[in-house]
Amino acid sequence: METSKVDTRAADVAAGLARLLSLILWLIPPGMSLTSAATLSTLERSGPCRLTALAAAEGVTQPAMTQLVGRLAEAGLVTKCADPADGRVVHVQLTEAGRDYLARRREFRTERLSGLFAQLSKADQDALAAALPAMNALVSLQRDEQIRPTDSTGSAVPMEH
């Protein structure tokens, strides 16, 4: 595909995603920051994780993640433990209360979206469902870009294969 067509298509998709932002924000239950919820979701997907890796995955500094994990631990949503081989290394793990919290967030989102979804035509419902694999692929690419090492200018360092 020509570059100009790709750029136009990318601009159209970007505009559509921007419009979806208000819907996404409406679907989010109150009471927790997006970064906190994303951190819990990452731990649910990945299992126990080093604090440094968690900070990189969420795109925040290690001190910011340390504070965030401290608040999540105080709330009983995660536990922290030192690595037995290296006491400087902190591992973070989701608790059962954290899993329950995420399940309640998903239920809230599902309930809110169900009412709108039911008002769509079957064709629109099918189109949204069919787009999920492509949206997941786009998110995966973005996550890969976010954790890719950068040089002193902020440019991505080529990955070795």
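If a helix is a whole DSSP H run, which ones in the chain reach 27 Å or further along their own axis (Cα) and hold a mean Kyte-Doolittle hydropathy of at least 0.5?
Details: long enough: 3-27 (35 Å, 0.82); 96-118 (32 Å, -0.97); 122-147 (38 Å, -0.02).
Taking the DSSP H segments of the chain (at least 27 Å long, mean hydropathy at least 0.5), we get 3-27.
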Q | Rg/Rh ratio calculated on Cα atoms of segment 63-113 (Kirkwood radius) | A | 1.14
Q.
What is the sum of charges, Lys and Arg at +1 and Asp and Glu at -1, for the other residues whose Cβ falls under 14 Å from the Cβ of ARG50?
A. -1
Q | For the chain, Kirkwood radius (reciprocal of mean inverse C-alpha pair distance, Å) | A | 18.5 Å
Q. In the Gaussian network model of the chain, springs joining C-alpha atoms below 10 Å, which of GLN62, GLN142, GLN93 carries the largest mean-square fluctuation?
A. GLN142
Q.
Using the basic label-point model (7 angstrom from Cα toward the beta carbon), what is the ALA38 to LEU128 distance in nanometres?
A. 2.3 nm
Q: Using all C-alpha to C-alpha distances in segment 1-52, build P(r) with 10 Å bins and read off the rounded percent in each one.
A: 20, 28, 26, 23, 3
Q) So for segment 27-120, what percent of the C-alpha to C-alpha distances run longer than 21 Å? A) 35 percent
Q. Hey, with R₀ at 25 Å, roughly what FRET efficiency would ARG109 and THR61 work out to, going by the Cβ-Cβ distance, to 0.05?
A. 0.30
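Every number in this text was worked out from the coordinates using simple rules, so none of it is lab data. From a predicted model like this one, the values you see are computed outputs, not experimental measurements. When we count neighbours, we look across all protein chains shown, and the Cβ atoms used for this are built from the backbone with ideal geometry, even at glycine.
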